[in-house]
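Here the structure comes first, spelled out in structure tokens, and everything after it is commentary.
Values in this text are rule-based calculations from the coordinates and carry no lab data. The structure presented is a predicted model; accordingly, all values stated were derived computationally and were not measured. FYI the Cβ positions are ideal-geometry reconstructions off the backbone, even for glycines, and counts take in every protein chain you see.
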């Protein structure tokens, strides 16, 4: 088993999505939307959300009772539709 380390610059890159997910993970906006009519290939609490970060999409769900955001996948979008990158 290997351990994973992040250099400081990578940690900074991760801060923006993390901040958006901790502040208001269930508020739709320009970069965040609720996925409707799309069945993700993983088990998740419904509903599933998508956060746009540059050319990447962060897919997550929220457990309101536990006040927990679970990131299920991070995918590069490119020119494909959301259904195609899941």
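The slack between residue 73 and residue 55, meaning 0.36 nm per residue of separation minus the straight C-alpha distance, is 5.1 nm.
Only helical runs count toward this figure. For the chain, summing -39,500 (n - 2.57) over DSSP H runs of n ≥ 4 and dividing by all residues gives -7000 deg cm²/dmol at 222 nm.
Shape of the chain from the C-alpha gyration tensor: rounded (a/c under 1.5, with a ≥ b ≥ c the square roots of its eigenvalues). Inter-label distance, residue 24 to residue 85: 2.3 nm, where each label sits 7 Å from its Cα along the C-beta direction. Taking all Cα pairs closer than 8 Å and separated by 6 or more residues, the relative contact order of the chain comes to 20 percent.
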